[in-house]
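Trainee: Just dropping this structure here.
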Amino acid sequence: MRHYRQLALTRGADKVADRAIFQDFVVARSDRLLRTAYLLTRDWGVAEDLLQESLAKAWFAWPGIDEPEAYVRKVLVTTYISWWRRRWRGELPSENLPEVVAHDHGGAERQEVWQAVGRLPARQRAVVVLRFYEDLPVSEVARLLGCQEGTVKSQTAKALAKLRVDESIVKEPHR
């Protein structure tokens, strides 16, 4: 997305041009970033809040961003992880669980897999989403998460191992 940055430079990078370029970026990339946020949070409302907060953070750094989509994606993941950590400490057990409405987007099996992904720890879930949904290479995931490539590989292996033994998606072979 370097062309967004180049537009800012050619327009003189004043606040009005920055605002227009930022708006163009938001319009062009919000759908994909929102899907990523949803896959991390598994809740459309929370995903919208996460994306909005990430875009707000990006706005403040906008004049200095060379690759806006990568920057916003990294902010999205790090903000999600910090939210998860804060929420985890404040979570209270409840005897009655709220009813969850399942949206079938291509089959019950896909829904079961995403529910299993949702049960992964936040870091492993982020790695799975970035590697397999966003189809990013290990090096890019490591850069976005601020860790070593080996960490991404080990987190991926641990996540896939947990998914392989998750009883909700492991099916008996047909006989």
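The values are calculated or read from the model by the stated rules, or taken from the named source; none is laboratory data. No experiment lies behind these values; they were computed from the predicted model shown. Cβ sites come from the backbone with ideal geometry, for glycine too, and all protein chains shown count toward neighbours.
Trainee: Restricting to the stretch 24-47, give me the number of residues that are surrounded by fewer than 16 Cβ atoms within 10 Å (Cβ to Cβ), more than 14 Å from Ala58 (Cβ to Cβ) and among the small types (Gly, Ala, Ser).
Mentor: Summing the residues that are surrounded by fewer than 16 Cβ atoms within 10 Å (Cβ to Cβ), more than 14 Å from Ala58 (Cβ to Cβ) and among the small types (Gly, Ala, Ser) in the stretch 24-47 gives 1.
Trainee: Can you pull out the residues in the stretch 41-87 that are in contact with a Gly (Cβ under 9 Å, 6 or more places away or on another chain) and either modelled with pLDDT of 90 or more or within 20 Å of Ala28 (Cβ to Cβ) (or both)?
Mentor: The answer is Lys74, Thr78.
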